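Colleague: Have a look at the structure that comes next, please.
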Amino acid sequence: MPTIAIVGAGPQLGLAIARTYGTHGYDVALIARNRAKLEDLAGELAAEGISAAAFPADVLDRTALTQALKDTAARFGGVDVLEYSPVGGLQTVMTTPAATEPADVQHEMEFQLYGAIAATRAVLPAMREAGAGTLLFTTGAGSVDPVPQIANVNAAAAALRNWVINLHKELDGTGVQAAHVAINVSIGTPAVPGFPTAQPEEISPAYWDLHTTKRDQAELVFSL
């Protein structure tokens, strides 16, 4: 069976993506910091007939993240799809552009860009050797159209977006797809009154489309 590794797996979008792929016959590797929460998610998926396992790791710990992906490959026989969408904003003080100092961006760069690079390096060599695979990276839509209130987060997200689109160009013709997903809605509940909101199950099919029918697409912006 093919395998998807979800880095930053949680009870909303991560779980919805797991279900989308799991119902298509994929094994699911759930990677995040909290083992107990991951095992709860894995149990929920197992009850629905989806093969899933927990691989605890913090994306800020490159060694642990790399090992979790190696353990995934050993357990399931490889990683066919990597989806990277950890949420780091809760640990970040939001700053406007004029108030931003280098330190205000550093954590988000470590979390978003550097973690994504580390995860990619753990799985890409095998994908290139096989001539097949998919790498999907998620940010908010502020990576495309930044919002002054969260300038430091947007800056790191834009850096990740730039790197992913460049990776897509580099991998053209290799059989490996890399794509950026920018989400221009609140997920589940409104983050700001009046801001568009979508349920995770409305968003997750986009990740399947990028893996299957939209493999030439470097970016997808999800909006309502």
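Colleague: In what sequence, largest accessible area first, do Ser204, Ser223 appear using a 1.4 Å probe?
Modeller: Ser223, Ser204
Colleague: Given contacts defined as C-alpha pairs under 8 Å and at least six residues apart, what's the relative contact order of the chain, whole-number percent? Before the final figure, lay out each step's value.
Modeller: Values: 428 pairs, mean separation 42.3, N = 224.
Dividing the mean separation by the residue count of the chain yields 19 percent.
Colleague: Among the DSSP beta bridges whose two residues both lie in the chain, what percent are antiparallel, rounded to the nearest 5?
Modeller: Taking every DSSP beta bridge within the chain, about 0 percent pair in antiparallel fashion.
Colleague: Looking at the stretch 28-102, which GluC sites (Glu not before Pro) are in a loop (DSSP not H, G, I, E or B) and have at most 16 other Cβ atoms within 10 Å?
Modeller: Details: sites: Glu39, Glu44, Glu48, Glu83; in loops: Glu48.
Within the stretch 28-102, the qualifying GluC sites (Glu not before Pro) (loop, at most 16 other Cβ atoms within 10 Å) are Glu48.
Colleague: Give me the dipole magnitude in Debye, nearest 20, for the stretch 51-152 about the Cα centre, with unit charges on the beta carbon: positive for Lys and Arg, negative for Asp and Glu.
Modeller: Numbers: 5 positive and 11 negative charges, 73 e Å.
That gives the stretch 51-152 a dipole magnitude of about 360 debye.
Colleague: Hey, got the dipole for the stretch 55-106? About the Cα centre, +1 on K and R Cβ, -1 on D and E Cβ, debye to the nearest 20? Present the calculation step by step, with values, prior to reporting the outcome.
Modeller: On the way: 3 positive and 7 negative charges, 36 e Å.
That gives the stretch 55-106 a dipole magnitude of about 180 debye.
Colleague: With all protein chains present, calculate the accessible area of Met1 using a 1.4 Å probe and round the result to the nearest 10 Å².
Modeller: Ignoring ligands and nucleic acids, Met1 comes out at about 140 Å².
Colleague: What do you reckon, how do Arg33, Arg161 stack up by accessible area (1.4 Å probe), largest on top?
Modeller: Working: Arg33 135, Arg161 65 Å².
Highest to lowest solvent-accessible surface, that is Arg33, Arg161.
Colleague: Just subtract the alpha-carbon distance of Thr189 and Ser51 from 0.36 nm times their residue separation and send over the number in nm, one decimal. Before the final figure, lay out each step's value.
Modeller: Details: separation 138, 0.36 × 138 = 49.68 nm, distance 2.83 nm.
Roughly 46.8 nm would be gained on extension.
Colleague: If you place +1 on the Cβ of every Lys and Arg and -1 on the Cβ of every Asp and Glu, how big does the dipole about the Cα centre of the stretch 68-224 come out, in debye to the nearest 20? Spell out each step's value before the answer.
Modeller: Details: 8 positive and 16 negative charges, 52 e Å.
The calculation lands at about 240 debye.
Colleague: Separate question: Mean separation of Cα pairs under 8 Å and 6+ residues apart, divided by the residue count of the stretch 1-47: what relative contact order is that in percent? Intermediate values should be presented prior to the final figure.
Modeller: Details: 53 pairs, mean separation 20.4, N = 47.
Relative CO of the stretch 1-47 lands at 43 percent.
Colleague: For the chain, take the longest principal axis of its alpha carbons; what is the angle in degrees between that and the long axis of helix 115-130, to the nearest 10 within 0 to 90?
Modeller: The two axes meet at around 30 degrees.
Colleague: For the chain, what is the mean residue ellipticity at 222 nm derived from helices alone (per DSSP H run of n ≥ 4: -39500 (n - 2.57); sum divided by total residues; nearest 500 deg cm²/dmol)?
Modeller: Numbers: 8 runs with 93 residues, N = 224.
Here the helix-only value at 222 nm equals -13000 deg cm²/dmol.
Colleague: In addition: With the convex hull built on the Cα atoms of the chain, state its orientation-averaged projected area in nm². The partial results should precede the final answer.
Modeller: Numbers: hull surface 46.6 nm².
Quarter of the Cα hull surface area: 11.6 nm².
Colleague: Compare the Cα positions of Thr189, Met1, Ala42 along the charge dipole of the chain (+1 at Cβ of Lys, Arg; -1 at Cβ of Asp, Glu; about the Cα centre) and return the one farthest towards the positive end.
Modeller: Value: Met1.
The values are calculated or read from the model by the stated rules, or taken from the named source; none is laboratory data. Keep in mind the model is a prediction, meaning the values are calculated, not measured. Glycine gets a Cβ as well: all are built from the backbone with ideal geometry, and neighbour counts include every protein chain shown. Areas reflect the complete protein model, heavy atoms only, side chains present, ligands, DNA and RNA absent. Shrake-Rupley method; radii C 1.70, N 1.55, O 1.52, S 1.80 Å.
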